[in-house]
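The values are calculated or read from the model by the stated rules, or taken from the named source; none is laboratory data. Fair warning: this is a prediction, and the values are worked out from it, not measured in the lab. Positions of Cβ are generated from backbone atoms using ideal geometry, with glycine treated the same way; all protein chains shown enter the neighbour counts. All accessible areas refer to the heavy atoms of the entire protein, side chains included, with ligands and DNA or RNA removed. Shrake-Rupley method; radii C 1.70, N 1.55, O 1.52, S 1.80 Å.
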Amino acid sequence: MGQFGKVEQVKEQNNTSPQQLILSLSGFDSLLIGDVMNERSRGRNVRLMLVAINQEGKPEIAEIIFAGQISTIGVTTGEENAVAVTVSNRFERRSMGLPDRFTDASWRKRKSDDRIFRYVAQMAERAIYWGSKKDAPAFVYK
């Protein structure tokens, strides 16, 4: 990576593996920074490897130092045009919520024949009169 790349120091705390790692690259053209921001990179797998290369330039030994998924991407514009990627390990990813929403469209991406969330949008706007004999607005079945 030379002078353009930087890897945050990997530290273990209390005999546990690190939760996050920050990788950064600088020296991009400003047009590429826009492309980075438009990509859907969150959740992609990342492996940081230590590789020993022999005299012919071929890898001899390779070991994974850190593995995880991209959790955030930060961009710095100006003279250096840098991209910093925060990689979270699998244990930290488990504590984060799922990116899905409880909507019919989101659920149908996973299970196309299941329509369990089809009335969620109507229920969110529905008036509820607890303990009253007053009727709620009519429900529209689709």
### Task
Give me the distance in nm between label points sitting 7 Å out from Cα along the Cα-to-Cβ direction at Trp130 and Arg115, one decimal.
3.1 nm
### Message
Let's test the formula: R0 of 30 Å, r as the Cβ-Cβ distance of Asn38 and Asp104. What FRET efficiency results, to the nearest 0.05?
### Response
0.65
### Message
At 0.36 nm per residue, and after removing the present C-alpha to C-alpha distance, how many nm does the segment from Glu79 to Ile53 gain when stretched out fully?
### Response
6.1 nm
### Residue-wise HN-Hα coupling along the range 111-125, computed from phi with Karplus coefficients 6.51, -1.76, 1.60 (Hz; x: Gly, Pro)
9, 5, 9, 9, 10, 4, 9, 5, 9, 4, 4, 5, 5, 5, 9
#### Entry: Accessible surface, 1.4 Å probe, highest first, among residues Tyr119, Tyr129
Tyr129, Tyr119
